[in-house]
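Accompanying notes for the structure given below.
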């Protein structure tokens, strides 16, 4: 790890603590967040030359407070009205740990769209700069800055406060936080190659933030389940694409490339969670990933157990994507026709919205069943529908392989 | 999801519009662009010069042939584009419906391909 990486890690770890301290002192989440962002940028430019200060957290709080009071003074002069900060009550002593959770809950406020929740979480809790977030989501920095500023306005308009809500609201809000972390992970994980290589940073960030949530909510089986799912999925990253960016299906991956440390940690997490906490969808998905991970070769996969887990998952989170995966597991256990019958129940399902995934899974099962012409047709239909270049290439390749076979 | 909004016009019809109608198209487009910039949904957007300014380039056996004028002879020409990022297809369609050129000619809305993918 380079010195620059160490600075980055330290800054990201301190970011939510510094922001929490400022919001307690001054209120005004939106203005505090801008000030912290400026302090982080100042640290990123000054620390490499001047060295890390003895108390980096205090340094950041001081710099950010100065930026904030300058800004509030300017605003005050502009508006000629009472300084909003002056009216704030004295801060109650709160731990940094609670602040991180309160910030996550605030950034994942239900009034925001998922895209805004993601951007704001990465900036306010993750300590990423607007430029980094913009690069990760492949949009210009000005566009991302506009989205973040709008997200902060929406939070303000919704009357959200910087506090941990009471139960049962907290549990509900925590589900949204977990979903946002899951989306951040997926965004990074599904990146393939080429100009988008920076995106795997999102994987690291999602895992880091989920670890932070687990440290605060260690008795929540779904937090552990989500972290396990991320680790078990990320373990396959090196095997899922070829150097040219082409996708490698699970059954054809070189399993020696899977990261055993992540598999071990993920498996232990999900095993503990399943034994101790009420079972939820992330834990079941992690359990499925763990079963795939324990098979040395694709043909050793315990599909019987995977099928049972998909049945369990369908019972708790009924959605067409789960049914698609369920159909594959069913085909592996009972044969392709059983899987195809289950797929037929999804025909015309508006929730799939003409997604290519139905055609792609059907093509795969038709190929298993030996119905070559229908499989080629379904692969081609899926290839026309997908908006993913590597998936299109993969599906066209499958069709071509069958035609020439 | 990112979408490309492709804006078409028929130059003969455009010239036949009254000045007031032409102003309305321009002003409405500017108003939507401002709104989309403010909402963070506009990634890029530009108008294109008249189709008579087009160069069409073909390379055959390594030899480039460059001709004046568009590749496809049509009454309606591409006159501009907006690159959008919207939460849903419904939202992108709503923007397309409000685009002023759709009242006189047509706009096309096409999803962009992405470099990400899931292994199957």
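Looking across B:87, B:73, one residue alone is at the interface with chain A (Cβ under 9 Å from one of its Cβ atoms), exposed (fewer than 14 other Cβ atoms within 10 Å of the Cβ) and assigned to a loop (DSSP other than H, G, I, E, B). It is B:87. Taken over segment A:31-56, the residue count meeting the criterion of being surrounded by 14 or more Cβ atoms within 10 Å (Cβ to Cβ) and part of a helix (DSSP H, G or I) is 17. Taking each residue of segment B:102-120 that is more than 10 Å from chain A (Cβ to nearest Cβ) and surrounded by fewer than 15 Cβ atoms within 10 Å (Cβ to Cβ) and looking for partners that are modelled with pLDDT of 95 or more and part of a strand (DSSP E or B) with beta-carbon atoms closer than 6 Å, six or more apart or interchain, yields B:108/B:6. Considering only residues in segment A:386-405 that are in a helix (DSSP H, G or I) and more than 10 Å from chain B (Cβ to nearest Cβ), the one that is farthest from the chain's Cα centre (by Cα) turns out to be A:404. Going through (1) surrounded by 13 or more Cβ atoms within 10 Å (Cβ to Cβ); (2) within 14 Å of chain B (Cβ to nearest Cβ) one by one, residue A:259 falls short only on (2). If a residue has to be assigned to a loop (DSSP other than H, G, I, E, B) and within 14 Å of another protein chain (Cβ to nearest Cβ) to count, how many in segment A:215-256 make the cut? Counting residues in segment A:215-256 that are assigned to a loop (DSSP other than H, G, I, E, B) and within 14 Å of another protein chain (Cβ to nearest Cβ) gives 10. Of the residues making up segment A:123-135, those that are under 15 Å from the mean Cα position of the chain (by Cα) and either surrounded by fewer than 23 Cβ atoms within 10 Å (Cβ to Cβ) or more than 14 Å from chain B (Cβ to nearest Cβ) (or both) number 3. Screening A:170, A:120, A:112, A:138 for residues that are away from chain B (no Cβ under 14 Å) and either under 17 Å from the mean Cα position of the chain (by Cα) or more than 24 Å from residue A:10 (Cα to Cα) (or both) leaves exactly one candidate, A:170. Only one entry of A:339, A:370, A:354 meets the criterion of being closer than 22 Å to residue A:299 by Cβ and either touching a residue at least 60 places away in the same chain (Cβ under 8 Å) or in a loop (DSSP other than H, G, I, E, B) (or both), and that entry is A:370. Counting only residues that are facing chain B (nearest Cβ under 9 Å) and crowded, with 19+ Cβ neighbours inside 10 Å, which one in segment A:353-381 is modelled with the lowest pLDDT? Ranking the candidates gives A:357 first. Only one residue in A:206, A:212, A:191, A:160 is surrounded by 14 or more Cβ atoms within 10 Å (Cβ to Cβ) and within 12 Å of another protein chain (Cβ to nearest Cβ). Which one? Answer to the check: A:191.
Taking the stated definitions as given, is residue B:95 away from chain A (no Cβ under 14 Å) and either without any contact (Cβ under 8 Å) to a residue 60 or more places away in the chain or surrounded by 17 or more Cβ atoms within 10 Å (Cβ to Cβ) (or both)?
Yes: the conditions hold for residue B:95.
Looking at segment B:17-37, is at least one residue within 14 Å of chain A (Cβ to nearest Cβ) and within 14 Å of the chain's Cα centre (by Cα)? Yes - at least one qualifying residue is present in segment B:17-37.
The values are calculated or read from the model by the stated rules, or taken from the named source; none is laboratory data. In this text the structure is predicted, and so the values were computed from the model without any measurement. For neighbour counting, all protein chains shown are included, and Cβ atoms are generated from backbone atoms with ideal geometry for every residue, glycine included.
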